[in-house]
Amino acid sequence: MIAFLLCEADTGSMSFDALKFYFSHHSNIGLFLLFFAGFCHQGRVHPFSYLAPGGTSCRAFPCFRRNVRCNDKMGIYGIVRVMTNVQSDLVTIGLIVLAVSAISGYWV
């Protein structure tokens, strides 16, 4: 949410379409990291999902499996949607995503 608010303060629009304009005029790493952390938390990428205070594993609530899958897909969709608008610092952002993916794979 903070990432959308930062984008909205500069572009006047709180949408994925405004990211292309924001990324063309600013550094991409900072805002991407905010979006990445938020959507990774929503998508239950493990290093991020356990950092929340009072966070619990999805295995504790088997009756909510359908909602959990929906939130996972929305988190991954958000990450991909933001990545399609990134215009610079691609190698650095790719290395960050690769590192978090490796940690998440090792964590599980």
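Brief remarks follow.
- Long-range neighbours under 8 Å by Cβ, at least six apart or interchain, first residue farther than 16 Å from S27 by Cβ and at pLDDT below 90 within region 73-91, second of a type in the set (V, I, T) and assigned to a loop (DSSP other than H, G, I, E, B): G75/V45
- Qualifying residue in region 7-20 (condition: hydroxyl-bearing (S, T, Y) and modelled with pLDDT under 85): no
- Breaking point among (1) within 19 Å of T92 (Cβ to Cβ); (2) modelled with pLDDT of 90 or more; (3) among the small types (G, A, S), for A37: (2)
- Contacts under 6 angstrom Cβ, first residue in region 1-23 being closer than 14 Å to L34 by Cβ and of a type in the set (D, E), partner at pLDDT below 90 and surrounded by fewer than 17 Cβ atoms within 10 Å (Cβ to Cβ), 6 or more apart: E8/M14
- Scan region 1-13 for residues that are in contact with a helix residue (DSSP H, G or I) (Cβ under 6 Å, 6 or more places away or on another chain) and within 17 Å of Y77 (Cα to Cα) and the total you get is 1.
The values are calculated or read from the model by the stated rules, or taken from the named source; none is laboratory data. Here the structure is a predicted model, which is why all the values come from computation and not from measurement. For neighbour counting, all protein chains shown are included, and Cβ atoms are generated from backbone atoms with ideal geometry for every residue, glycine included.
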